[in-house]
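Have a look at the structure below before the remarks.
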Amino acid sequence: MPKAHILLVEDDDATVDVVREVLQAEGFAVAAVPSLSRARSAVEKSPPDLLILDRRLPDGDGVDLCRELRGRPERASLPVLFLTSKKTLAQKVSGFEAGGDDYLPKPFEPEELLVRVEALLRRAKAG
C-alpha cells in the first residue's frame, strides 16, 4: 500500500519522469496529468492526498485551480505544492495568496522535493 496518493499536474515529460521516479522510490503512488482540465477531472474521480501543481500549463495557470480548490469546502484542505519555473518573488507570493502550501522553483533538487512532500503530508495528517 502506498504512503500517499499524489497527483502531479505537469506538461513536461522530463519533469514528470523525475518527480515520479523520486516519489515512487519512496513508496508514494504518483498519477500525472498534463493540464488543468484533466487535473479537475482527476481530483473529482479520486481525490489525492497531495497535489503537485505547475503554473505554466497548456490551458492556464495552476494558480486558478488552487483558488478553485480552496473555494470548495470538501477540497479546501488538500495540500498543494507549486513546482514551477515561475520563480520571481511576485509569482511566489501569488501562489501562496491563491492558497498554495509550498512553492518549489524549477530546477529543483530531488531530495528537496521529497522532504517538502513529506512535510506537507505530515502537516495534513496532524491537522
In region 99-113, what count of residues is obtained for those that are in contact with a Phe, Trp or Tyr (Cβ under 9 Å, 6 or more places away or on another chain) and not acidic (Asp, Glu)? 4
Are any residues in region 93-119 among the β-branched types (Val, Ile, Thr) and open to solvent by 70 Å² or more (accessible area, probe 1.4 Å), and if so, which ones? Val115
Between residues in region 105-125 that are farther than 15 Å from Thr15 by Cβ and residues that are part of a helix (DSSP H, G or I), which pairs lie under 9 Å by C-beta distance while being six or more apart or on different chains? Glu111/Val22
Any pair with Cβ under 8 angstrom, 6 or more apart, that starts in region 26-41 at a residue that is under 11 Å from Gly60 (Cβ atoms) and ends at one that is surrounded by 19 or more Cβ atoms within 10 Å (Cβ to Cβ) and among the β-branched types (Val, Ile, Thr): Ser35/Val9; Leu36/Val9; Ala39/Val9; Ala39/Val33
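The values are calculated or read from the model by the stated rules, or taken from the named source; none is laboratory data. Fair warning: this is a prediction, and the values are worked out from it, not measured in the lab. Every residue, glycine as well, gets a Cβ built from its backbone with ideal geometry; the counts of neighbours run over all protein chains shown. The area values use the complete protein model at the heavy-atom level, side chains included, leaving out ligands, DNA and RNA. Shrake-Rupley method; radii C 1.70, N 1.55, O 1.52, S 1.80 Å.
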